[in-house]
Number of protein chains: 2
Amino acid sequence: MINVGVFGYGTVGSGVVELIDANKEVLKKNTGDDVKVKAILDLRDFPGDPFEKLVVHDVNLIVNDPEISVICETMGGVGAAFKFTEMALKAGKSVCTSNKELVALHGPYLLKLAEENNCNYRFEASVGGGIPILRPLQDALTADKILKVTAIVNGTTNYMLTKMTREGADFNEVLKEAQDLGYAELHPEADVDGFDAARKLAILSSLLYGKTVNYEDIPTEGISKVSSADIKYAKALNCKIKLLAKYEDGESGAYACVAPHLVCEDNPLYNVDDVFNAILVKGNMLGDAMFYGKGAGKLPTASAVVGDVVECAKNPGKNVPLNWADEQVKLSGFENSSRRFFLRVKEDAKEAAKAAFSDIKEVNAGVPGEFAFVTGKLTEAGFAKVKESLGDKVLNYIRAEE
Amino acid sequence: MINVGVFGYGTVGSGVVELIDANKEVLKKNTGDDVKVKAILDLRDFPGDPFEKLVVHDVNLIVNDPEISVICETMGGVGAAFKFTEMALKAGKSVCTSNKELVALHGPYLLKLAEENNCNYRFEASVGGGIPILRPLQDALTADKILKVTAIVNGTTNYMLTKMTREGADFNEVLKEAQDLGYAELHPEADVDGFDAARKLAILSSLLYGKTVNYEDIPTEGISKVSSADIKYAKALNCKIKLLAKYEDGESGAYACVAPHLVCEDNPLYNVDDVFNAILVKGNMLGDAMFYGKGAGKLPTASAVVGDVVECAKNPGKNVPLNWADEQVKLSGFENSSRRFFLRVKEDAKEAAKAAFSDIKEVNAGVPGEFAFVTGKLTEAGFAKVKESLGDKVLNYIRAEE
C-alpha cells in the first residue's frame, strides 16, 4: 500500500484526492501497489465532503506517520508550504507539488534535502500544468543538446491575447472580461506582467542549464502595453502576438526572457490559442518538437502531480537525481542575442526612424498618424540604443520570433 | 565507458554514429559516463568514411564483445534484424531500435528475452520518429486512464494530403511528385495504404492495452481513394482530410483503426501539416495533450534511438519492464464504435440517401452530378449496413473525427 498525504485541500489538492480515488486501478497497474490518500492537511473542516474524515489540522500527524511515504504539496505559497515540505523531506517522505513559486524560490535546496534523505522532490505540474515537459526533457530528450525552448506557459495571458486578436478589443476591456469570468485574478499582475511565466521559465532554465536561474534575473515584459493597434499590425504580417517564455543557449551565450512576441503562421506556436499552453523544444539533432495541452485546471494539474507520485512510488527509499545544482548562475546572453523587432513611431519621426534603422520593412495596417516597420536583425543592446535615440517618438515595439 | 554497437550503417545507423560522436558531452552529462561507438555491423565497406575502421562484417564480433553493452539496431526488416537482435539480447546486451516492422511483429517476445537476460529492448524511434511519445505514455501520463489516442504518424501521406489540400491536386498527381522528390517510395503501398501507420498504431495500442495487438487485425484504409472532390468538400466544412491512426478504449470496448478522417479546425491535429507527425492523447483527468514533431529523418530518428541508449546506459544489468504482455488480443470494439460519416452519392440517389440516413446535413462544394452530406452519429456496423443498401450509388465516404 502506498499511503499518500495531501497538504492543502484547495482546487488542486481536491483534484489530487479525487483522482487517486477515481483512478485506483490505473495507479495499481502503474505502481504495482494500491495507492490511497491517508490524510489531508488543511486548516478548514469540510463537513459533508466524501473525504472529510481524512482531514487533519496538525502537520505532524502526516510527517510523523510512518505509513505515509509520499506527500502532495498543493497549498501554494512559500511560507507554510516551504516549512512543511522541509519537514516532510527531512522525514524521508517524497514530496510532489504544483507550487511553482516554491520550486522557483527553493527548488535546488529542496532537491538537495531530498537527496540527503533518500527520497524525492518532484514538480512536473509546476510548468505547463498537465503537459508532460520536465520529465520528457530529463528522460527522453537526452541525446540532444537543447538549443532553445520557446513556450506559452501562462493561460490567462494567452486567453486575453487570443480574445484581443479575435475581437480587435483592447487590453483593459479584455482584462475586465477575463476577471468577470474568473480567468484572470483581481490582482492580475503575476499573470499580465509576466511574473508567472518567468517563474516557470526559471524552473525550466535551471533544469536545462543545470544551475539555478533566479526568476528575478530574467528580463520580463508583460502584455499590458499590447494594444489593439499592435494586433492589427500583427494580422497584417500574418502573425499573432504571444507572450513567450524563452530559453536559448546560442552563440551569444545562454539567456532566458519573457516578453510578447510576434509569432508567424509557420511557427507551431501560432495555433496555440485560448487557455492552452505549449512548449516548443529545439534540439540540435531532433529539430523542433512541441508539447501541447492544458496548462492549468484542477484535474489536468492533479494528473501531473499524481504522475509524480507514481514515479516516487516506484523508487521507494531511493533518490533519483535531477540535473539542477544549488549554484546560482546569471545567464548573460540576452543583451547580445539578436532578432528582428516590430516598431511603431509617430508619423513625424518617419524619416528619423528610417535613418536610424537600416534594412526596414514597412507595415501598413491602416492606423493613422504613425509609421510602423519591422527592423532587420539586431542585438537587444543594439536595438535599445537606436530606439533610445528616437526618444518619445516611439509608440511601441514588439520582438519578432524567428 | 559505454561501448555501443550499431547494426546497419544506412540512413538511421549513420545518424546514430554521427550523433554519438557530435553530442559526446551531452551524453556524458546524461549518462555519467563516456559513450562511444565501438563497432558498426554492415555487409558493405565504407572507404573514406570517418568511421570506416569501426565497420565489421561478422555479427559475432559485436555480440561476443564483452565491452559492448548496448546495441542500436538500425538495419530494418524482420529477417537478419530479428536474428541479430535475438543474439544480442541473449548475450545480455540491451538493444535500441527504430525498426517498427520488427517491434510490431516480435515486440513482446523480444521484451521477454530482454527481461530473462537482465537487459532492455527499447523502441521509442519506432513511433513518431524523434517525437517522445512511448516514454511519456509509460513514465509521465501514469495517473490517467488513457481514453483515446489520435495520431498522424505517417509523414508521406500527411505530406501528400497537405499538398492535395493546398493545390487542389489529385492523388495520383501528388504521388508522382512525392516520388520524384523522394518523399514517397517507388512501391508506396506501405505508406499510402496505411500499413506503416497500422504497425505504429499496433505498437502504441499494445503498450496502452498491455497485451499484443496484431497490426494485421487493425481495420486499415489508406488514402488512395481520397480525391480532389473530397478535398473540396472538406474545405467547405472547414476541415482537412488526415490519415488518422486511432486507439480508443470507450463504452463499446477498445479498438484501433487507421483511416482517412475529416479533421475540423478546432482539433489540434488540423494544423499538423506537411511531413510533421503528432500524437493527441486524451486522458480521463488530463484531457487532451499533444506531442508534435518530425516523425522521420536521419537525425530526429537517431535522437530517439540514442535517447533509448541513455536509458539503457543508466540501467546496466537491470531490466526495466514495459507494460506489453506476450498475449494476443483482438480489440473488438470497432464495429460498435460510433461517429459521423461524410458521404457522396450519385445525384439520382439523393432521395434514397435521404431516406436511408436520417439526420443528415447537406454539404455543397460545387461538384456537379452528386449529392454530399454528413450523417448523424452511427456505429460502424450501422453505417456499413445503410451504405450497402445504396450499392454502387456511393461515390466515396470519409469518417468524421470528433
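Within the span defined as region A:227-235, every residue fails to be within 17 Å of A:Val275 (Cα to Cα), more than 13 Å from the chain's Cα centre (by Cα) and β-branched (Val, Ile, Thr). For B:Met290, the criteria (1) free of Cβ contacts under 8 Å to residues at least 60 places away in the same chain; (2) more than 16 Å from the chain's Cα centre (by Cα) hold in every case but one, which is (2).
Scanning region A:346-355 for residues that are surrounded by fewer than 19 Cβ atoms within 10 Å (Cβ to Cβ) and either under 30 Å from A:Gly333 (Cα atoms) or assigned by TED's automatic domain parsing to the domain that holds A:Leu243 (or both) turns up A:Ala352, A:Lys354, A:Ala355. Elements of the type strands (runs of 3 or more DSSP E) sitting completely within region B:234-338 and holding at least 2 residues that are within 13 Å of another protein chain (Cβ to nearest Cβ) and of a type in the set (Val, Ile, Thr): these cover B:276-283.
In region B:110-138, the residue that is farthest from the other protein chains (Cβ to nearest Cβ) out of those that are closer than 19 Å to B:Asn154 by Cα and part of a helix (DSSP H, G or I) is B:Ser126. Checked against the criterion of being surrounded by 15 or more Cβ atoms within 10 Å (Cβ to Cβ), assigned to a strand (DSSP E or B) and in contact with a Gly (Cβ under 9 Å, 6 or more places away or on another chain), region B:369-379 has no qualifying residue.
Do we find a residue being more than 21 Å from B:Ser98 (Cβ to Cβ), among the hydrophobic types (A, V, I, L, M, F, W, C) and in a helix (DSSP H, G or I) anywhere in region B:219-232?
Going residue by residue through region B:219-232, those that are more than 21 Å from B:Ser98 (Cβ to Cβ) are B:219-232.
Retained after the next criterion (residues that are among the hydrophobic types (A, V, I, L, M, F, W, C)): B:223, B:226, B:229, B:231.
Going one step further and asking which of them are in a helix (DSSP H, G or I), we end up with B:229, B:231.
Within region B:219-232, one or more residues are more than 21 Å from B:Ser98 (Cβ to Cβ), among the hydrophobic types (A, V, I, L, M, F, W, C) and in a helix (DSSP H, G or I).
Of the set (1) closer than 26 Å to A:Lys282 by Cβ; (2) touching a helix residue (DSSP H, G or I) at 6+ places or on another chain (Cβ under 6 Å), all apply to B:Val213 but (1).
Of the residues making up region B:1-35, those that are over 28 Å from the mean Cα position of the chain (by Cα) and away from chain A (no Cβ under 14 Å) are B:Met1, B:Asn3, B:Asp34.
Can you pull out the residues in region B:9-52 that are acidic (Asp, Glu) and farther than 21 Å from B:Ala80 by Cβ?
To start, the set of residues in region B:9-52 that are acidic (Asp, Glu) comprises B:18, B:21, B:25, B:33-34, B:42, B:45, B:49, B:52.
B:Glu18, B:Asp21, B:Glu25, B:Asp33, B:Asp34, B:Asp49, B:Glu52 - these are the residues of region B:9-52 that are acidic (Asp, Glu) and farther than 21 Å from B:Ala80 by Cβ.
Applying a threshold of 8 Å to beta carbon distances and a minimum spacing of six or more residues, or different chains, the list of pairs starting in region A:117-145 at a residue that is more than 21 Å from A:Ser94 (Cα to Cα) and ending at one that is small (Gly, Ala, Ser) and in a loop (DSSP other than H, G, I, E, B) reads A:Gly128/A:Gly295; A:Ile131/A:Gly295. Considering only residues in region B:244-282 that are aliphatic (A, V, I, L, M) and more than 24 Å from B:Val329 (Cα to Cα), the one that is surrounded by the fewest Cβ atoms within 10 Å (Cβ to Cβ) turns out to be B:Val275. Quick one: would you say A:Gly210 is closer than 25 Å to A:Leu134 by Cβ and either among the basic types (Lys, Arg) or at pLDDT 95 or above (or both)? Here the answer is no, as A:Gly210 does not meet what is asked. Looking across region A:143-176, not a single residue is assigned to a helix (DSSP H, G or I), surrounded by 24 or more Cβ atoms within 10 Å (Cβ to Cβ) and small (Gly, Ala, Ser).
The values are calculated or read from the model by the stated rules, or taken from the named source; none is laboratory data. Treat the numbers as computed from the prediction; the structure is a model and nothing was measured. Backbone-built Cβ (ideal geometry, glycine too); neighbour counts: all protein chains shown.
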